[in-house]
Amino acid sequence: QVQLVESGGGLVQTGGSLRLSCAASGRTFSNYAMGWFRQAPGKEREFVASINRGGAFTTYAVSVKGRFTISRDNAKNMVYLQMNSLTPDDTAVYFCATSTSYTYTLSQNYDNWGQGTQVTVSS
């Protein structure tokens, strides 16, 4: 079973940047599409971005398109989320997860989840 561990969260000012990392265990990482989701207090978990197995195709939520970039390095079993021009609305716990297709944007279509990393954007 794939294990996922997120890191890179922290406190950043409005307009700043953070790079989140997701480390996956095992030798089957490249078999999975990967996604990033986020959940703010009292809110439902929402889709942020996804990437296909080979890394050539991506999908972004409208709220982050043009600011965030998802990428992966299959040789290192890593997925990244580069976040630029951050605002307080981006404050949430960010999760990475596995899926069978990068075209999925609902959390129910993702199978394995990390424990999340906190991102806080101050005003």
Query raised in the report: Round to a whole number: what % of the accessible area of the chain belongs to carbon and sulfur, probe 1.4 Å?
Result: 47
**Report entry** ³J(HN,Hα) computed for each position of segment 6-11 - Karplus, 6.51 cos²θ - 1.76 cosθ + 1.60, integer Hz, glycine/proline x
**Finding:** 8, 7, x, x, x, 9
Query raised in the report: At residue 1 and residue 115, where each label point lies 7 Å from the Cα along Cα→Cβ, what is the point-to-point distance in nanometres?
Result: 1.5
Query raised in the report: Mind checking which of 97, 61, 24 has the largest fluctuation in a GNM of the chain, springs on alpha carbons under 10 Å?
Result: 61
Query raised in the report: Counting only heavy atoms of protein chains, what accessible area per residue, in Å², does segment 70-123 have with a probe of 1.4 Å?
Result: 46
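The values are calculated or read from the model by the stated rules, or taken from the named source; none is laboratory data. Computed from a predicted structure; not experimentally measured. A quick note on method: Cβ atoms are made from the backbone with ideal geometry, for glycine too, and the neighbour counts reach across all protein chains shown. Just so you know, the surface numbers come from the protein's heavy atoms only, side chains and all, with ligands and any DNA or RNA stripped out. Shrake-Rupley method; radii C 1.70, N 1.55, O 1.52, S 1.80 Å.
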